[in-house]
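Scroll down for the structure; my scribbles are underneath it.
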Amino acid sequence: MWSWADGKLTSMGASVTGDATLTVPAGTFPCWRVLLSGSQIGDLAVYITKAAPFAIVRYEPTAIPMAFVLKRRDP
């Protein structure tokens, strides 16, 4: 993964830890919850759609109370 903090590539571990149906401004999506470990800011929870094109619907650092969500999905 590209690290914006130091401008380098960083190796991270990834594991599917569950699934969820998320509702965000772009709609409602069945997703896998993927936990990325090894980031400089701690673990990241990433929610990826179960259907192609496998978009990231939400991602959030697990140690910081903030999240980024999909606002719009163009065809």
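The values are calculated or read from the model by the stated rules, or taken from the named source; none is laboratory data. If you're wondering where the values come from, they're calculated on a predicted model, not measured in any experiment. Cβ: placed from backbone, ideal geometry, glycine included. Neighbour counts: every protein chain shown. Ligands, DNA and RNA are stripped out before the accessible areas are found, and what is left, the full protein with its side chains, is counted by its heavy atoms. Shrake-Rupley method; radii C 1.70, N 1.55, O 1.52, S 1.80 Å.
List the residue pairs whose Cβ atoms are under 6 Å apart, where the first residue sits in region 16-31 and is within 12 Å of Ile48 (Cα to Cα), the second is among the small types (Gly, Ala, Ser), and the two are 6 or more positions apart or on different chains.
Within 6 Å, the pairs are Cys31/Ala20.
How many of the residues in region 25-38 are open to solvent by less than 70 Å² (accessible area, probe 1.4 Å), closer than 27 Å to Ala5 by Cβ and not charged (D, E, K, R)? Walk me through it before giving the result.
First, the residues of region 25-38 that are open to solvent by less than 70 Å² (accessible area, probe 1.4 Å): 26-27, 29, 31, 33-38.
This time we only want the ones that are closer than 27 Å to Ala5 by Cβ, so: 31, 33-38.
Retained after the next criterion (residues that are not charged (D, E, K, R)): 31, 34-38.
Going through region 25-38 one residue at a time, the tally reaches 6.
Of the residues Ile41, Ile48, which is under 16 Å from Ala67 (Cα atoms), open to solvent by less than 80 Å² (accessible area, probe 1.4 Å), outside any loop (DSSP other than H, G, I, E, B) and of a type outside the set (Gly, Ala, Ser)?
On the way: Ile41 fails: outside any loop (DSSP other than H, G, I, E, B).
Exactly one residue qualifies, and that residue is Ile48.
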